[in-house]
1. What residue, among those in region 181-191 that are assigned to a loop (DSSP other than H, G, I, E, B) and touching a residue at least 40 places away in the same chain (Cβ under 8 Å), is surrounded by the most Cβ atoms within 10 Å (Cβ to Cβ)?
2. Can you name the number of the only condition in (1) within 20 Å of residue 61 (Cβ to Cβ); (2) out of contact with any strand residue (DSSP E or B) (no Cβ under 7 Å at 6 or more places or on another chain) that residue 141 fails?
3. Looking at region 54-101 only, could you name the residues that are in contact with a Phe, Trp or Tyr (Cβ under 7 Å, 6 or more places away or on another chain), surrounded by fewer than 17 Cβ atoms within 10 Å (Cβ to Cβ), modelled with pLDDT of 95 or more and not in a helix (DSSP H, G or I)?
4. Please go through region 169-180 and give me each residue that is in contact with a Ser or Thr (Cβ under 9 Å, 6 or more places away or on another chain), of a type outside the set (Asp, Glu) and outside any loop (DSSP other than H, G, I, E, B), ordered by number.
5. Among the residues of region 129-158, count how many are in a loop (DSSP other than H, G, I, E, B) and either basic (Lys, Arg) or in contact with a Leu (Cβ under 8 Å, 6 or more places away or on another chain) (or both).
Amino acid sequence: MFEGSVKCKLKRSAGVQNGKKSEGLQKKTHQPRSTPPWVRRARNDRHYNTNMSQRHFIQNDSTMLITTVTLNRIPFFLNQAYAREAIECLYRVQGFHPFFLYGFVIMPDHIHILMKVPSPKKVSTVIGSYKSGLTFDLGIKKLWQERFHIRFPKNPSEALRYIHLNPVRKGICECPESYPWSSASGKWDVSALDV
């Protein structure tokens, strides 16, 4: 139950009030929490659009590092057929929702994508199509955790290097070029990075 913008609860109490013993229901009020600082900063940011339905800042025409994680970090992509399908699905989505793909890596339990989505498309549309399409293609009911993470790298070349070195850091391979489920392998078609 709400009273204005303050949430109220009724609390049974027995106590002394103004020198008299009282018993009954009393109203316990909670003040609404203040707005978190990162939301205040975001609202003051010139790229923040309060009318948009997506939870991310306006991100068209920016290079983005996208990370999406499997549900409970289950390593579905240890299966080579699933890893290959994850890459092929990425290219199918690119056909429906054009974007610049600069690099990617399919790790056992998460995926990194370095991309740029031109206007008027939205990254949420692209990633939503990718996640739902791959879920359908693999026939796994719960493949992904909700949402995805976006970073706007100041140095896209370093972000690409980070993506390609991920399998090496995890001990999966000796060098980035030997990992088949990465754009570093040279097997997959990606755009040249705008420098």
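The values are calculated or read from the model by the stated rules, or taken from the named source; none is laboratory data. All figures in this text were calculated on a predicted structure; none of them were measured in a lab. Here Cβ is always computed from backbone atoms with ideal geometry, including for glycine, and neighbour counts include all displayed protein chains.
1. At the first step, the residues of region 181-191 found to be assigned to a loop (DSSP other than H, G, I, E, B) are 181, 186-191.
When the remaining residues are screened for being touching a residue at least 40 places away in the same chain (Cβ under 8 Å), the result is 181, 188-191.
Working: 181: 23, 188: 17, 189: 8, 190: 16, 191: 14.
Once the filter is applied, the top-ranked residue is 181.
2. If we test residue 141 against (1) within 20 Å of residue 61 (Cβ to Cβ); (2) out of contact with any strand residue (DSSP E or B) (no Cβ under 7 Å at 6 or more places or on another chain), just (1) comes out false.
3. 67, the sole residue that qualifies.
4. 176, 178
5. Initial filter on region 129-158 (in a loop (DSSP other than H, G, I, E, B)): 139-143, 145-148, 152-155.
Cutting the leftovers down to either basic (Lys, Arg) or in contact with a Leu (Cβ under 8 Å, 6 or more places away or on another chain) (or both) gives us 141-143, 145, 147, 152-154.
Going through region 129-158 one residue at a time, the tally reaches 8.
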